[in-house]
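The values are calculated or read from the model by the stated rules, or taken from the named source; none is laboratory data. Quick caveat: nothing in here was measured; it's all calculated off a predicted structure. Quick reminder, even Gly has a Cβ in these numbers, built from the backbone with ideal geometry, and neighbours come from all protein chains shown. All accessible areas refer to the heavy atoms of the entire protein, side chains included, with ligands and DNA or RNA removed. Shrake-Rupley method; radii C 1.70, N 1.55, O 1.52, S 1.80 Å.
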Amino acid sequence: MHKDIATPLRTKEILKKYGFSFKKSLGQNFLIDTNILKNIVEHANLTEQSGAIEIGPGIGALTEQLAKSSKKVTAFEIDQRLLPILKDTLSPYNNVKVIHGDVLKADVKKVIEEEFADTPDVMVVANLPYYVTTPIILKLLTEKLPIRGIVVMLQKEVADRIAAKPGTKEYGSLSIAIQYYTEAETVMVVPKTVFMPQPNVDSAVIRLTVRERPVVEVKDEDFFFTLTRSSFAQRRKTILNNLTSQLPDGKAKKDIILAALEKSNIDPTRRGETLSIQEFGKLSDELFLDFTGNALS
Ligand code: SAM
């Protein structure tokens, strides 16, 4: 048996061997605790028939555990300098493919079609680069990829916002965007000491289980998201004030907004953070014809 990659000693050895220096701008905080990695992988409930997509394999610490727990791993790594290192550290595993590139620019759907045709159960599992956690998660969800879910390490503060329930200060348009597509839960809170170098912020692991159908059915998805973002533009303002100031021609259409709020049984003096996703869905269906240019069609 070879040694696990994710120990402080082995990680230091690998970094030294290749003269690797961390790039802060790429969110490079590597995991050096095998137990944490095993825990992350456990939360993904992989089987020998599963496929795993990883974003940012680094020197392969998580990739190695995924390779042991699934049929196949495909990992996207932006930093060219890591490719020869990964080739070396992951040489014991013949079920890993590393794709060099920015995951935000990648055609992930095509990669899933090509790489996971024989593994219908696909999970995304990653220790995300913190400078792009939200864009990555939103890309994976809005592209409606054929995946079962996502288990990722990210900033605790972002995890709290993603999993937040109405009526809390963390609840906002990000909670809604993600809970629209998935069931979101924080499964681990992780100390800074398990990273090299240690990040400045606290970390957590969230699990997002993709819903068969969005949590609420809306007539116009784009408008629904515009509406939710507008409703939280200034958290201290009422829903009515946010919508009149944020929606196009909102001031001129104040009466329309008031009527829609009334029809949806939403008191105009409430704040966005008190509305459930279902209430936003109802309001969106009442308003979208008046704001999307479809009014006469
Ligand atoms: N998985 C490794 C671990 O847990 O030790 C490394 C995780 S580190 C937090 C994030 C990794 O993502 C780095 O290897 C970094 O180079 C890579 N990365 C950063 N931005 C990326 C992007 N846009 N696309 C793909 N990989 C990226």
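At Lys165 and Asp102, where each label point lies 7 Å from the Cα along Cα→Cβ, what is the point-to-point distance in nanometres?
According to this spin-label approximation, the distance is 3.9 nm.
Between their Cα atoms, which of Lys219/Lys263; Lys169/Lys254; Lys110/Lys282 are more than 24 Å away from each other?
Violating the 24 Å limit, Cα to Cα: Lys169/Lys254; Lys110/Lys282.
Which distance in nm do the two modelled labels at Asn94 and Thr47 give, with both placed 7 Å along the Cα-to-Cβ direction?
About 2.4 nm, to one decimal.
Give me the percent of accessible area attributable to carbon and sulfur for region 229-297, probe 1.4 angstrom.
Answer for region 229-297 is 48 percent, counting heavy atoms of protein chains only.
Go ahead and run the numbers for FRET between Thr7 and Lys139, Cβ-Cβ distance against an R0 of 51 Å, rounding to 0.05.
0.95
Calculate what fraction, in whole %, of the accessible area of region 99-221 sits on carbon and sulfur atoms when a 1.4 Å probe is rolled over the protein chains.
51 percent
Near Lys17, which lysines are there with a Cα under 27 Å away, not counting those fewer than 8 places off in the same chain?
Lys3, Lys38, Lys68, Lys87, Lys97, Lys192
For a quick protection proxy, order the peptides 273-284, 66-77 by their average other-Cβ count within 10 Å, most packed first.
66-77, 273-284
Can you tell me the order of 225-234, 48-57 when each peptide is scored by its average per-residue count of other Cβ atoms within 10 angstrom, highest first?
Listed from highest to lowest mean packing, they are 48-57, 225-234.
Using Stokes-Einstein with the Kirkwood hydrodynamic radius over Cα pairs, what translational diffusion coefficient do you get for region 26-175 at 25 °C and a viscosity of 0.890 mPa s, in µm²/s rounded to a whole number?
Result for D is 156 µm²/s.
How about Lys165: which aspartates and glutamates have a C-alpha closer than 20 Å to its C-alpha, ignoring those fewer than 8 places off in the same chain?
Once the sequence-local aspartates and glutamates are set aside, what remains near Lys165 is Glu157, Glu183, Glu185, Glu217, Asp267, Glu273, Glu279.
Considering only the other residues whose Cβ falls under 13 Å of the Cβ of Ile162, what net charge follows from Lys and Arg at +1 and Asp and Glu at -1?
Charge balance near Ile162 sits at -1.
Could the peptides 113-125, 189-201 be put in order, highest first, of the mean number of other beta-carbon atoms found within 10 Å of their residues?
113-125, 189-201
Summing +1 for each Lys or Arg and -1 for each Asp or Glu, what net charge is found among the other residues whose Cβ lies under 13 Å from the Cβ of Thr238?
Charge balance near Thr238 sits at +4.
Hey, can you find the accessible area per residue of region 177-297 for me, probe 1.4 Å, expressed in square angstrom?
53 Å²
What does the charge count around Ser284 come to, taking other residues whose C-beta lies under 13 Å from its C-beta (Lys +1, Arg +1, Asp -1, Glu -1)?
-4
Please work out how much length the chain gains when fully extended from Glu114 to Glu221, using 0.36 nm per residue of separation minus the C-alpha to C-alpha distance, in nm with one decimal.
35.6 nm
At what distance in nm do the modelled label points of Ser245 and Lys68 sit from each other, each positioned 7 Å from its Cα along Cα→Cβ?
5.4 nm
If you take the alpha carbon radius of gyration of the chain and divide it by 2.2 N^0.38 Å, what ratio comes out, to two decimals?
1.13
Under a straight-distance cross-link criterion of Cα-Cα below 16 Å, which aspartates and glutamates are reachable from Lys12, leaving out those fewer than 8 residues away in the same chain?
Asp4, Asp33, Asp88
At a Förster distance of 22 Å, what's the computed FRET efficiency of Asn35 paired with Glu183, Cβ-Cβ distance as r, to 0.05?
Approximately 0.30, to the nearest 0.05.
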